[in-house]
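Report on one structure; see the data block that follows.
Read-outs: derived from the displayed coordinates by stated rules, not from any lab. If you're wondering where the values come from, they're calculated on a predicted model, not measured in any experiment. Reconstructed Cβ throughout: ideal geometry from the backbone, glycine too, with neighbour counts over all protein chains shown.
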Amino acid sequence: MEIVIVGAGPVGCYTAQLLKKYGFKTRIIEEHREVGKPVSCAGLVGRQVFENTLLPLSESSIINQINGALVCYRDDNFQINREGVAHVIDREKFDKNLSQGLEVECGKKLIEINKEGSGYILKTEVEDIYTDLVVGADGANSRVRKYINFVDNGYANDKKKGYIKYYLGVQYRIKVEENLLCSKITQVHLREGIPFFIWVIPEGNNVFRVGVISENAREDLIGFLRDFKIKGEIIGKLAGIIPVGLTKNYYKNIALVGDAAVQVKPLTGGGIYYGLKSAELLAECIRDNRLDEYDRRLKKKYGREIKFGLKARKLYEEVNEKELKNIFMLFKKNAGIIERAANFENHSAIFIEILKNPKIFRDARHILSRNIGKLLF
Ligand SMILES: Cc1cc2nc3c(=O)[nH]c(=O)nc-3n(C[C@H](O)[C@H](O)[C@H](O)COP(=O)(O)OP(=O)(O)OC[C@H]3O[C@@H](n4cnc5c(N)ncnc54)[C@H](O)[C@@H]3O)c2cc1C
């Protein structure tokens, strides 16, 4: 069986590695000239990425260990400590490590897909490629996903089954003049009008990754650096799209995985862990000749978590200034419980744990009277 994977990001490469292990020969095509470039990622991953994958991942891309988070709202804050909860990675190296031993065909951008018998012809800038099975691992703006939505009209027109909202993320790498920030704790700043948060991630050697996901990301980032008097040399800039929502992951011998399949944590926009775990399910379905099961198995494993995240995201985007302040105060008051329940990759666990406490639930209902029930049921 001919299998072509479109996209040599971490998820496409990891899928190819798994399929190789299961004895399949795959081709992997990549539009850029080099794997891992350009980088569009803050590079903060939970320790699970290196501890909980089927194929062990090289740790040589890890450049710093994170021991907790300082959550900030205006000039108030509280800290959650968790030794080694996450790692800061060199994302270019991370992707390159995952591509080791694969023959990635770089400089081959997929332009068009056409049905050919039971398979497909993939038209690239360089050549036309026939394949029995297409794996779309081509990121947030997936051309493969657009093809599925185009041919499967019934699906694209049914908003109940899927929708995607796109957010812009911008990040600067800054070498600070005077290091007043902790080198092992990330900062998360909540602000009105910002649908996610502003992050400050310590990379080491006085370098910090400061970024935001919002409608006016550049302006919000510059405003934050000014307000918090973060001064230093900007040594790198990046931007990228974060897709949030739900989509269909399989259609007639075409499967989507990673950002292409919107396998992204709706509350933070992080997609590496879910993408890798989904690649494992996809490779298993291909191995077992049960591709028709892929969508169902994914939903069974991650559907609840993603749906919870989507509800929480909707709720968070609707809160007003007073509610945001009260949510922050509620979290601050219960920082100990959050610290115990904290799970970098499974956000519902934290919410469910804290809302199980009747007093906290009452306080949360008081703040979010109109919607708190929707989050849980
Ligand atoms: C600003 C920002 C910060 C982020 N921070 C984090 C973070 O800290 N932690 C985290 O877990 N996640 C983070 N993410 C999300 C994370 O980057 C993605 O979830 C992850 O890269 C998904 O991997 P992927 O392999 O599915 O897609 P990608 O990494 O996007 O890889 C897709 C690949 O497909 C290639 N491609 C695209 N179109 C074509 C085509 N037509 N033909 C051939 N090749 C093609 C691309 O060049 C690329 O190499 C962040 C995202 C952004 C934008």
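With N the number of residues in segment 65-209, Rg(Cα) / (2.2 N^0.38 Å) evaluates to 1.49. The tail of the calculated P(r) for segment 223-377 beyond 21 Å holds 57 percent of all Cα-Cα pairs. Each 10 Å bin from zero up to the one holding the largest Cα-Cα distance in segment 61-109 carries the following percent of pairs: 20, 29, 24, 15, 11, 0. When Rg and the Kirkwood Rh are both derived from Cα coordinates, the Rg/Rh ratio for segment 311-376 amounts to 0.93. Given +1 at the Cβ of Lys and Arg, -1 at the Cβ of Asp and Glu and no other charges, the dipole of the chain around its Cα centre is 1340 debye to the nearest 20. Principal axis analysis of the Cα atoms in the chain yields extents of 61, 47, 35 Å, listed in decreasing size.
The reciprocal of the average 1/r between distinct C-alpha atoms defines the Kirkwood hydrodynamic radius, which for segment 76-137 equals 15.7 Å. Over segment 1-140, the hull volume per residue, using the convex hull of the C-alpha atoms, is 138 Å³.
Straight-line reach from LYS237: taking Cα to Cα under 18 Å and skipping same-chain neighbours fewer than 8 places apart, the lysines in range are LYS37, LYS93, LYS175.
Residue by residue, segment 255-272 carries 3J(HN,Hα) couplings of 10, 10, 8, x, 4, 4, 9, 6, 8, 10, 5, x, 7, 10, x, x, x, 5 Hz when phi is fed to the Karplus relation 6.51 cos²θ - 1.76 cosθ + 1.60 (θ = phi - 60°); x denotes Gly or Pro. When the helices of the chain are scored as -39500 (n - 2.57) per DSSP H run of n ≥ 4 and the total is divided over every residue, the value at 222 nm lands at -9500 deg cm²/dmol. The GNM of the chain, with springs linking C-alpha atoms under 10 angstrom apart, assigns the highest mean-square fluctuation among GLY309, GLY46, GLY223 to GLY223. A straight line joining the Cα centroids of segment 29-48 and segment 264-337 runs 20 Å. Largest GNM mean-square fluctuation among ASN334, ASN249, ASN67, using the chain with Cα springs under 10 Å: ASN334. With only Cα atoms counted, segment 237-326 has Rg and Dmax values of 15.4, 53 Å. Around the Cα centre of segment 105-261, unit charges on the Cβ atoms of Lys, Arg, Asp and Glu (plus for the first two, minus for the last two) sum to a dipole of about 360 debye. In sequence order, segment 347-358 has phi-based couplings of 6, 4, 4, 5, 4, 5, 4, 6, 7, 5, 6, x Hz under the Karplus curve 6.51 cos²θ - 1.76 cosθ + 1.60, θ = phi - 60°, and Gly or Pro positions carry x. When the pairs LYS108/LYS300; LYS109/LYS184; LYS322/LYS356 are compared against a 32 Å limit on Cα-Cα distance, LYS108/LYS300; LYS109/LYS184 fall above it. When the Cα positions of ASN216, ILE327, GLY101 are compared along the charge dipole of the chain, ILE327 comes out farthest toward the positive end, with charges on each C-beta of Lys, Arg, Asp and Glu.
Does segment 182-267 come out rounded, prolate or oblate by the C-alpha gyration tensor, with a ≥ b ≥ c the root eigenvalues, rounded set by a/c under 1.5 and, if not, prolate when a/b is larger than b/c and oblate if not? Prolate, because a/c is 1.5 or more and a/b exceeds b/c. Protection proxy ranking of 4-14, 272-282, by the mean of other Cβ atoms within 10 Å over each peptide's residues and highest first, is 4-14, 272-282.
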